[in-house]
Amino acid sequence: MKIHKPATLQEAAGLLAADDSAQCIAGGATLVAMMNSGVVEPSALISLANISGLNEVTKASDGSVIIGAATKHKTVAAFDSFSGAQNIVGIAAGKIAHPPIRNMGTIGGSVAVGDPAADYPTALLAAEATFEIVGPAGSRSIPADEFFDGFLSTALAEAELVQSIQLPAGPENAVAVYDKIAKIDGDIAIMSVAVVMASSGDRCDYLRVAVGGCGPTPYRVAEAEVKFINGDLDVAIELLVAASDPMSDVRGSADYRRKVLPRVLRRALITAQQMGGGE
Ligand SMILES: Cc1cc2nc3c(=O)[nH]c(=O)nc-3n(C[C@H](O)[C@H](O)[C@H](O)COP(=O)(O)OP(=O)(O)OC[C@H]3O[C@@H](n4cnc5c(N)ncnc54)[C@H](O)[C@@H]3O)c2cc1C
């Protein structure tokens with residue numbers, strides 16, 4: 001099999017556009033397993049390994065953080081300049097699988113798979129991330145709440161690639177709670193809840209809550225966030241549970257997910273309050 005090693009992402013997108021059954025490979029954690037089991041049989045692989053600047057995390061002067069698409073999970077988990085809301089992404093990275101997978105997998109590969117139970121998608125939604133995309137037609141940006149558009153599906157068009165993920169500065173005093181429920185430590189989540197909460201004095205005035213593993217995509221409910229800020233924890237939880245559409249799989253039944261989700265939401269929201277997110 002031909003393995004291409006382009007020097008730029010534009011070149012990689014051009015190679016993908018020229019061959020329908022070629023696949024881009026980043027860490028290979030998911031793709032190689034799919035090839036081994038015969039789920040995909042690419043005609044060629046387009047490696048991102050030689051593209052410079054794609055595996056770095058940088059903090060910009062406006063406080064935003066830019067994560068290159070080929071950055072490994074372990075590098076994101078170890079990055080020490082996240083602040084406020086951005087911390088949710090570092091925490092989630094540290095909860096992906098176990099060290100061998102965190103040494104191998106990349107953020108771009110993870111989001112491109114579009115698994116609603118993966119750790120990054122939920123955290124990136126709560127962090128209000130923006131995805132920078134490169135394709136044969138040029139570059140564009142996609143906000144996280146438009147990127148995940150269905151089960152194992154994303155808004156990436158044919159031959160488009162993720163270049164980087166931008167995390168806005170957000171409220172500096174925000175606290176971040178990432179609650180992952182899995183059968184065993186290191187497994188993909190049955191469900192996950194990402195909370196970013198900030199306060200003014202002792203009152204919560206900023207909340208982003210994202211739920212993963214309980215529907216075809218991770219999701220937020222803006223009305224629930226407003227209800228919580230206005231002091232109605234129970235209604236906020238009801239709205240978030242009402243928006244779920246869980247399925248049954250090897251990790252847990254839809255019924256189990258419906259029963260457990262309100263408890264996980266309550267625990268994550270109360271934990272964030274106790275950490276200083278505000279009453
Ligand atoms: C045993 C095991 C346990 C795991 N546990 C977890 C877990 O607990 N939580 C979790 O979130 N994930 C988990 N994963 C998934 C893991 O995080 C993978 O790293 C991730 O899904 C894919 O990243 P990768 O870089 O290896 O992508 P690859 O396997 O190289 O590629 C995956 C797909 O993404 C495409 N792709 C790669 N990079 C880009 C890009 N920049 N732009 C567009 N498309 C791209 C590829 O073409 C391919 O279709 C697990 C995986 C394994 C094997």
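What is the distance in Å between the Cα centres of the range 103-156 and the range 206-239?
If you average the Cα positions of each part, the centres end up 21 Å apart.
In Å and whole numbers, how far do the C-alpha atoms of the range 175-277 stretch along each principal axis, longest first?
45, 26, 19
Can you tell me the length gained on complete extension of the stretch Ala242 to Phe151, counting 0.36 nm per residue apart and subtracting the Cα distance?
30.9 nm
Summing Lys, Arg as +1 and Asp, Glu as -1, what charge do residues with Cβ under 15 Å from the Cβ of Lys59 carry, Lys59 excluded?
Combined, the nearby Lys, Arg, Asp and Glu give -4.
Quick one: how many lysine pairs does the chain have with C-alpha atoms less than 14 Å apart and a gap of 8 or more or different chains? Give me the count, please.
So the count of such lysine pairs works out to 4.
Count the net charge of all other residues whose Cβ sits under 9 Å from the Cβ of Arg102, scoring Lys and Arg as +1 and Asp and Glu as -1.
Its environment carries a net charge of +2.
Counting only heavy atoms of the protein chains, get the accessible area per residue of the range 24-63 (1.4 Å probe) and round it to a whole Å² value.
Ligands and nucleic acids excluded, the figure is 53 Å² per residue.
Determine the gain in length on full extension of the stretch Val260-Lys2; use 0.36 nm per residue of separation and subtract their C-alpha separation, reporting nm with one decimal.
Numbers: separation 258, 0.36 × 258 = 92.88 nm, distance 4.70 nm.
Taking Val260 through Lys2 to full extension adds about 88.2 nm, to one decimal.
Give a residue-ordered list of calculated ³J(HN,Hα) values for the range 25-32 (Karplus: 6.51 cos²θ - 1.76 cosθ + 1.60, θ = phi - 60°; whole Hz; x for Gly, Pro).
Ordered by residue, 3J(HN,Hα) equals 10, 10, x, x, 4, 9, 4, 5 Hz.
Of the heavy-atom accessible surface of the chain (probe 1.4 angstrom), what whole percent is carbon and sulfur?
For the chain, the apolar C and S fraction of the accessible surface comes to 51 percent.
On average over all directions, what projected area in square nanometres does the range 43-128 have, based on the convex hull of its Cα atoms?
Average of the hull's projected areas for the range 43-128 equals 6.3 nm².
Using the heavy atoms of the protein chains and a 1.4 angstrom probe, tell me the accessible area per residue for the range 175-277 in square angstrom. Walk me through the intermediate numbers first.
Numbers: 4630 Å² over 103 residues.
Spelled out: the 1.4 Å probe surface of the range 175-277, per residue, equals 45 Å².
What are the ³J(HN,Hα) couplings of the range 141-150, residue after residue, when phi is run through the Karplus curve with 6.51, -1.76, 1.60 and θ = phi - 60°? Round to Hz, x for glycine and proline.
The phi angles translate into 10, 10, x, 4, 6, 10, 6, 8, 10, x Hz.
Please express the shape of the range 1-47 as an equivalent ellipsoid: the semi-axes are the square roots of 5 times the eigenvalues of the C-alpha gyration tensor, given largest first in whole angstrom.
19, 12, 8
Take every Cα-Cα pair in the chain and report what % of them are more than 34 Å apart. Spell out each step's value before the answer.
Working: 7015 of 38781 pairs.
Above the 34 Å cut-off, the chain has 18 percent of its Cα pairs.
Let me cross-check Leu239: its accessible surface, 1.4 Å probe, with only protein heavy atoms counted, in Å² to the nearest 10?
50
Below 15 angstrom from the Cβ of Pro136, what's the summed charge of the other residues (Lys, Arg +1; Asp, Glu -1)?
The answer is -4.
Counting DSSP beta bridges in the range 20-167, what percent are antiparallel, to the nearest 5? Walk me through the numbers before you get to the answer.
Working: 21 of 24 bridges.
Antiparallel bridges: around 90 percent, rounded to the nearest 5.
Only helical DSSP H runs with n ≥ 4 go in: add -39500 (n - 2.57) per run for the chain, normalise by residue count and round the 222 nm mean residue ellipticity to 500 deg cm²/dmol.
Details: 11 runs with 90 residues, N = 279.
So the calculated ellipticity at 222 nm is -8500 deg cm²/dmol.
Kyte-Doolittle mean at least -0.5 and Cα extent at least 20 Å along the axis: which DSSP H helices of the chain qualify? Kindly include the intermediate steps, with their values, before the conclusion.
Working: long enough: 254-272 (27 Å, -0.20).
The answer, listed by residue number, is 254-272.
The values are calculated or read from the model by the stated rules, or taken from the named source; none is laboratory data. Note that the coordinates shown come from a computational prediction; the quantities given were computed from them, not determined experimentally. Here Cβ is always computed from backbone atoms with ideal geometry, including for glycine, and neighbour counts include all displayed protein chains. Protein only, heavy atoms only, side chains kept; ligands, DNA and RNA dropped before computing areas. Shrake-Rupley method; radii C 1.70, N 1.55, O 1.52, S 1.80 Å.
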